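Data first, discussion second: the structure below is written as structure tokens.
The values are calculated or read from the model by the stated rules, or taken from the named source; none is laboratory data. Quick caveat: nothing in here was measured; it's all calculated off a predicted structure. Using ideal geometry, Cβ is built from the backbone for each residue, glycine included, and neighbour counts are taken over all protein chains shown. These area figures cover heavy atoms from the full protein model, side chains too; ligands, DNA and RNA do not enter into them. Shrake-Rupley method; radii C 1.70, N 1.55, O 1.52, S 1.80 Å.
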Amino acid sequence: MPPVFRFAPSPNGPLHLGHAYSALLNFERARETGGLLLLRIEDIDATRCRPEFEAAIYEDLAWLGMAWETPVRRQSEHLADYRAALDKLSALGLVYPAFESRAEIAKSVSVREADGPWPRDPDGAPLYPGNAKSLSAAEHDHLIASGVPYALRLDMAAACRRVAGLSWNERGEGPDGERGIVPARPEAWGDVILARKETPTSYHLSVVVDDALQGVSEIVRGQDLFHATSVHRLLQVLLGLPEPAYRHHRLIRDEAGRKLSKSSRSTGLRALRAAGITPAHIRQLVGLDQVSLGVSKTSP
């Protein structure tokens, strides 16, 4: 079977130079290896994802000269797939509902930090400090029946007890130069959210399910997701899903060294195109001509 790559943007804002870099890397890798390139629309966040942004994604990628397989998978059309995976994890006793709001969690962390620093995940967010796991099944059922908002969290300690010696083969480069066999440390993320009352899946759950169902064999993505690979490897093993090859690439940053965001109008592809920038110039701006196997030899 030919290798399968994917580019999976969320339609919650305009694409920028960082998206262009990642998309083109996947496109070029697929072309060089005789593989397939899939486009996936990660639109599970119904409050932020909008049809006009999705339409702009297709337009921007076509303008860059890219082509992809059809039909395009839209996550909002496959919620049953994520529910099935969540049910499997629940059957293993690894999922529990937590009822604290974001404000309540922030307050709880603030109280705990009076006695010293509270642990944080690799993205800098505090680990979940709640006591939902101590509630009885009857208390859980009562709160859910009462309409209280909740998040379904992975019992990380229980999950890690089921899986030992997790790792992945990094074919690109992590933010600290990590290459080769990288030990996975999902416990650093605490009890991650797998779904919410109003959203039946999360990024972590949906991405591993989608990659498996679509037969994605090579994942080429930014270094900002390097540490999240630990959670993804854990979920893959728990759900009996295949392990793809991982190749993380450098990030395109602004002049202040910050990671680009969708609010960065000066680096938005539509704005650059309107200013007369060509697709060939986009490649120069992201340093694509310096790329070897998905990793830039020099930083921008």
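Any idea what angle helix 229-239 forms with the longest principal axis of the chain, computed on alpha-carbon atoms, 0 to 90 degrees, nearest 10? So the helix axis and the longest Cα principal axis differ by about 60 degrees. Neighbours of D210 by Cβ distance under 11 Å: Lys/Arg scored +1, Asp/Glu scored -1, total +1.
Listed values for region 14-24 are Karplus-derived 3J(HN,Hα) couplings in whole Hz (6.51 cos²θ - 1.76 cosθ + 1.60, θ = phi - 60°), namely x, 5, 10, 4, x, 5, 4, 4, 5, 4, 5, and x replaces Gly and Pro.
Working note: Karplus 6.51/-1.76/1.60 with θ = phi - 60° gives region 127-141 the couplings 5, 4, x, x, 10, 4, 5, 7, 6, 7, 4, 5, 5, 4, 4 Hz, where Gly and Pro are set to x.
Shape verdict for region 1-136, please, from the Cα gyration tensor: rounded (a/c under 1.5), prolate (a/b greater than b/c) or oblate. Prolate is the answer for region 1-136, as a/c is 1.5 or above and a/b outweighs b/c.
Assuming 0.36 nm per residue, please report the length gained on full extension of the stretch A164 to E59 beyond their Cα-Cα distance.
On the way: separation 105, 0.36 × 105 = 37.80 nm, distance 4.44 nm.
Gain on extension, A164 to E59, equals 33.4 nm.
Across the options W118, V72, A274, the greatest Cα extent toward the positive end of the charge dipole of the chain (unit charges at beta carbon of Lys, Arg, Asp, Glu) belongs to A274. Using the Cβ-Cβ distance between A245 and D155 with R0 set to 30 Å, the FRET efficiency works out to roughly 0.55.
Report the calculated FRET efficiency for S146 and S90 (r = Cβ-Cβ distance, R0 = 22 Å), to the nearest 0.05.
Numbers: r = 20 Å, r/R0 = 0.93.
Approximately 0.60, to the nearest 0.05.
Cut-off 10 angstrom, C-alpha nodes, Gaussian network model of the chain. Which of A256, A80, A188 fluctuates the most? Its mean-square fluctuation being the largest, the pick is A256.
Looking at the chain, what % of the alpha carbon pairs are farther apart than 27 Å? Before the final figure, lay out the partial values.
On the way: 20645 of 44850 pairs.
Above the 27 Å cut-off, the chain has 46 percent of its Cα pairs.
Using the Cβ-Cβ distance between V111 and R74 with R0 = 45 Å, the FRET efficiency computed as 1/(1 + (r/R0)^6) comes to roughly 0.60. The angle separating the long axis of helix 79-91 from the principal Cα axis of greatest extent in the chain is about 40 degrees.
Applying a threshold of 30 Å to the alpha-carbon distances of K107/K197; K88/K262; K133/K259; K133/K262 flags K88/K262; K133/K259; K133/K262 as lying beyond it. Relative to the longest principal axis of the Cα atoms of the chain, helix 203-213 runs at roughly 60 degrees. Say we join alpha carbon atoms closer than 10 Å with springs in a Gaussian network model of the chain; which of P71, P175, P242 then has the biggest fluctuation? Greatest mean-square fluctuation among the candidates belongs to P71. Near the amide H of R6, within less than 5 Å, lie the amide hydrogens of L38, V220, all on another chain or at least 5 residues away, with H placed in the peptide plane. Every Cα-Cα pair of region 228-267 was included, and the share exceeding 11 Å stands at 73 percent. Per-residue SASA remark: I41, around 0 Å² accessible (1.4 Å probe; ligands, DNA and RNA not included).
How long are the three semi-axes of the equivalent ellipsoid for region 174-226, computed from the Cα gyration tensor as the root of 5 times each eigenvalue, in whole Å, largest first? Can you show the working numbers first?
On the way: eigenvalues 107, 56, 18 Å².
After diagonalising the Cα gyration tensor, the semi-axes are 23, 17, 10 Å.
For region 1-144, the solvent-accessible area works out to 51 Å² per residue, with a probe of 1.4 Å and every protein chain left in place.
Per the 1.4 Å probe, what fraction of the accessible area of region 120-241, in percent, lies on carbon and sulfur atoms? It is 51 percent, rounded to a whole number. Loop-resident trypsin sites (Lys or Arg not before Pro) (DSSP state other than H, G, I, E or B) in region 1-108 with no more than 14 further Cβ atoms inside 10 Å of their Cβ: R48.
In a DSSP loop and with at most 11 other Cβ atoms within 10 Å, the GluC sites (Glu not before Pro) in region 141-247 are E198.
Residues of region 1-23 falling in the label zone of T199, defined by backbone nitrogen less than 19 Å from a point 7 Å along Cα to beta-carbon, are 8-15.
Within region 138-232, the proportion of C-alpha pairs whose separation exceeds 21 Å stands at 45%.
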